[in-house]
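The structure appears below as structure tokens.
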Amino acid sequence: MLPISKYLFSFFYNKIYSLVIDKRNDVLIISGLLFSLSKEGDIKIEKRFFDLSFDEFIDIADRKYPVLFNYIGQDVISKLMNKEKGYLKKILFRSNTDEFYIEEIENGDQIAVSVSRKSIIDELISKFEIKKLYVLKYSLGPFSLKYLNNFFEDLNIVSDMYHQISILNNKMKIFDITEKGNVESYFLQEEEFNQKNISALSNLLIFIKDTNSVNNSEENIINNIKEFKFKKINRFLLPSLLIFLFLSFAVTKIYKSKLVNEYLSLSHQIELYEEENRTLNYLEDEVENRQRILQLSGFNNLNYYTLYISDIINQQGQEIVLNSLNVQPIDKVKSKELIKIKNDLIVIEGNVVNEKSFDKWIKKISKLVWVNKVAVLNYNQDKFGENKFEVEIFFNK
């Protein structure tokens, strides 16, 4: 088992597919893993599968569990590029960049870039949706393998089926694999992985990391929710209202007869109940799917973070610009150690007009009822004259 803290996985459904989809000679080849979470908080590999066609995977897939996938092969271009203006043109030449999905990862003085046409990825996601499988997240190319080094410091060289990634001082080098001979094996926490499924593990760890970091703007929070397939969600509806709706629906189903009798005795409420009941019946299938994804995203268990983030944003004023909020930051640990998270902490980075405005804002934040302590980690002026800051907010458990 992989002993990763249960707080990281408590957002998820109890099982999740993480796939590596390799397109060779216009044929989709699927390898991957089915992960589950034990009550003790360990991630366990339930199933392994290799070299299946798309239809073969669909035949064995359980529709209750969502999907992550890493797409590699003939439709993906992956390169390390120098940080310079117009570097995408060297990859795409005269092609329209709007026609491509582009993934970029910082790599020291370089950018790790993977690109693939939007039409190809969208068609693949549609194939899953037609078969009633929900795709939560996808990645392109081999560069997600870099994230494994954050969890397993002794894993400095790792390969997928086409590339070998070498990691030194958190910087990658990439090499094409020209000889498709023996498949390399990797042993991590007594679990065996190989070139065909190691990206499935990195996909899962990146998804865990992403669900524990939120940006501060309302637009970004809404976009994060949309990633989990809330296709018809009202963009201004708060998670707490969604939870209330789900609970109201459940109560209505259980006590329907009793509620009908009560509403009949209150004539002025009959019309309201009938409209609500029609709406709830219409949304029944959609609500069940959204409730499942809500459990994956963590809002059921950690909805109080919405209040904290809202309070912080409401205090910022025009003099403060918040660039990021990192909830429950993860400490880097060595192999065979539990991943430790600071579950009573929010780290904020941003800009401020002047020191007086910054002090005033810190005092406001310190007076919030849920705040235990505010610590200023950094306050300085960069070469462009902008006042940068980084603060830690510890909240009452």
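What follows draws every value from the coordinates through simple rules; no lab data is involved. Computed from a predicted structure; not experimentally measured. When we count neighbours, we look across all protein chains shown, and the Cβ atoms used for this are built from the backbone with ideal geometry, even at glycine.
Brief remarks on what is shown
- Ile30 sits among other residues whose Cβ lies under 9 Å from its own Cβ, and their net charge, with Lys and Arg +1 and Asp and Glu -1, is -3.
- Total formal charge among the other residues, if their Cβ is under 12 angstrom from that of Asn197, Lys/Arg +1 and Asp/Glu -1: -3
- The Cβ shell under 13 Å around Ile72 holds other residues with a net charge of -2, Lys and Arg each +1, Asp and Glu each -1.
- 14 Å Cα-Cα reach of Lys47 towards aspartates and glutamates, excluding residues that sit fewer than 8 places from it in its own chain: Asp62, Glu191, Glu192
- Highest-first packing order for the peptide set 54-63, 21-30 is 21-30, 54-63, based on the mean count of other beta carbon atoms within 10 Å.
- Point-charge dipole on Cβ atoms (K/R +1, D/E -1) for segment 101-187, about Cα centre, debye to 20: 380 debye
- Positive-end extreme of charge dipole, segment 304-395 - chosen from Ile320, Ser310, Val353 (charges on Cβ): Ser310
- Judged by the mean number of other Cβ atoms found within 10 Å, the most tightly packed of the peptides 168-176, 42-50 leads the ranking 42-50, 168-176.
- Proximal aspartates and glutamates relative to Lys256, as straight alpha-carbon distance under 15 Å, when same-chain residues fewer than 8 apart are discounted: Glu274, Glu275, Glu276, Glu284
- Pairs of lysines in segment 304-395 (C-alpha under 25 Å apart; 8 or more residues apart or interchain): 25
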